[in-house]
Amino acid sequence: MWRFCLRLRGRERCLLNRPPSDSTISVRPGPAPQAPARAYVPPTERKRFYQNVSISQGEGGFEINLDHRKLKTPQAKLFTVPSEALAIAVATEWDSQQDTIKFYTMHLTTLCNTSLDNPTQRNKDQLIRATVKFLDTDTICYRVEEPETLVELQKNEWDPVIEWAEKRYGVEIGSSTSIMGPSIPTKTKDVLTSHLASYNMWALQGIEFVVTQLKSMVLTLGLVDLHLTVEQAVLLSRLEEEYQIQKWGNIEWAHDYELQELRARTAAGTLFIRLCLENTTVKHKLLQD
């Protein structure tokens, strides 16, 4: 765990001093996308070029400062987030980088860039429709017919989550062993579409991100509603993989790495959603170990 402190300096807060290094490198976390229809893929690594990370409040929201430079998006827009809590979380990502900036670990920054630049050029309705469409291929709605032990495991672990979602939203979801998957009623999709419409665009970007990680809208709803923890949702999304590992053994380091990566992405996406729903500011507080 890194050490950092949050020092109040008027409207600006400075996070942890670092040894100075090259400050002439662009502060943008990645090149502009080649085509507007493609989502961002952050670059791999770059030498750390800043000493201090701070946040400040501007007219459009909260900004991230690397030394005396304003962070910008890949499309050169000012990196501005709607809440102080989210700004602190993003600043912590940048501050936690050591000699090398590992952009592939900075999921909150990537999600903010996606929300600000909207590289796929989708409006709110399109984003909601894309998210609800995952119901047709939801991981926990697809069931196997054999072996019996896996059939029973899926029933015991997945059915309670589906039953919770059906009761929580007053809908019918079900499951199927057909390769075509379950037939999700139109009413169910309409209800969940209406529910998602209550979220702002930033939170919806986070919801879609988590859905794509877990390959399950039902598990994502469980996370957002605090019915499931990140660890539970990840393990449920990997139920068949974990069954095979228990049966045939673990591939050294590979399975553990995949599990930890999925947990990290899911946790970041869930945190992003929560912070996008927070109030604009948080109480000023000195952060210590």
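The values are calculated or read from the model by the stated rules, or taken from the named source; none is laboratory data. Predicted, not measured: the structure shown is a model, and the values here were computed from it. Because the Cβ atoms are built from the backbone with ideal geometry, glycine has one as well, and the counts that use them run over all protein chains shown. Just so you know, the surface numbers come from the protein's heavy atoms only, side chains and all, with ligands and any DNA or RNA stripped out. Shrake-Rupley method; radii C 1.70, N 1.55, O 1.52, S 1.80 Å.
Looking across the stretch 213-241, the residues that are without any contact (Cβ under 8 Å) to a residue 40 or more places away in the chain, in a helix (DSSP H, G or I) and surrounded by 16 or more Cβ atoms within 10 Å (Cβ to Cβ) come down to Thr220, Ala233, Val234, Leu235.
Being modelled with pLDDT of 95 or more, polar (S, T, N, Q) and surrounded by 21 or more Cβ atoms within 10 Å (Cβ to Cβ) is the requirement here; does Asn52 meet it?
It is false that Asn52 is modelled with pLDDT of 95 or more, polar (S, T, N, Q) and surrounded by 21 or more Cβ atoms within 10 Å (Cβ to Cβ).
Evaluation of Gly174 against the conditions (1) assigned to a loop (DSSP other than H, G, I, E, B); (2) under 16 Å from Glu242 (Cβ atoms) shows that the sole unmet condition is (2).
Give the residue that is nearest to Leu275 (Cα to Cα), with candidates limited to residues of the stretch 174-209 that are free of Cβ contacts under 8 Å to residues at least 12 places away in the same chain and of a type in the set (S, T, N, Q). Give the steps one after another, and end with the answer.
First, pick out the residues of the stretch 174-209 that are free of Cβ contacts under 8 Å to residues at least 12 places away in the same chain: 178-180, 183, 186, 190, 194, 198.
Checking which are of a type in the set (S, T, N, Q) leaves us with 178, 183, 186, 194, 198.
Values: Ser178: 39, Ser183: 34, Thr186: 31, Ser194: 21, Ser198: 16 Å.
The selected residue is Ser198.
Scanning the stretch 177-197 for residues that are in a loop (DSSP other than H, G, I, E, B), of a type in the set (S, T, N, Q) and open to solvent by 90 Å² or more (accessible area, probe 1.4 Å) turns up just one, Ser183.
Selection within the stretch 242-283: residues that are in a loop (DSSP other than H, G, I, E, B) and open to solvent by 90 Å² or more (accessible area, probe 1.4 Å). The member of this set that is modelled with the highest pLDDT is Glu278.
Is there a residue being of a type in the set (Phe, Trp, Tyr), open to solvent by 60 Å² or more (accessible area, probe 1.4 Å) and farther than 22 Å from Ala267 by Cβ anywhere in the stretch 96-108? Within the stretch 96-108, none of the residues are of a type in the set (Phe, Trp, Tyr), open to solvent by 60 Å² or more (accessible area, probe 1.4 Å) and farther than 22 Å from Ala267 by Cβ. Looking across the stretch 117-130, the residues that are of a type outside the set (Gly, Ala, Ser) and out of contact with any Phe, Trp or Tyr (no Cβ under 7 Å at 6 or more places or on another chain) come down to Asp117, Asn118, Thr120, Gln121, Arg122, Asn123, Lys124, Asp125, Gln126, Leu127, Ile128, Arg129. Within the span defined as the stretch 132-152, one or more residues are within 30 Å of Ala87 (Cβ to Cβ) and open to solvent by 30 Å² or more (accessible area, probe 1.4 Å).
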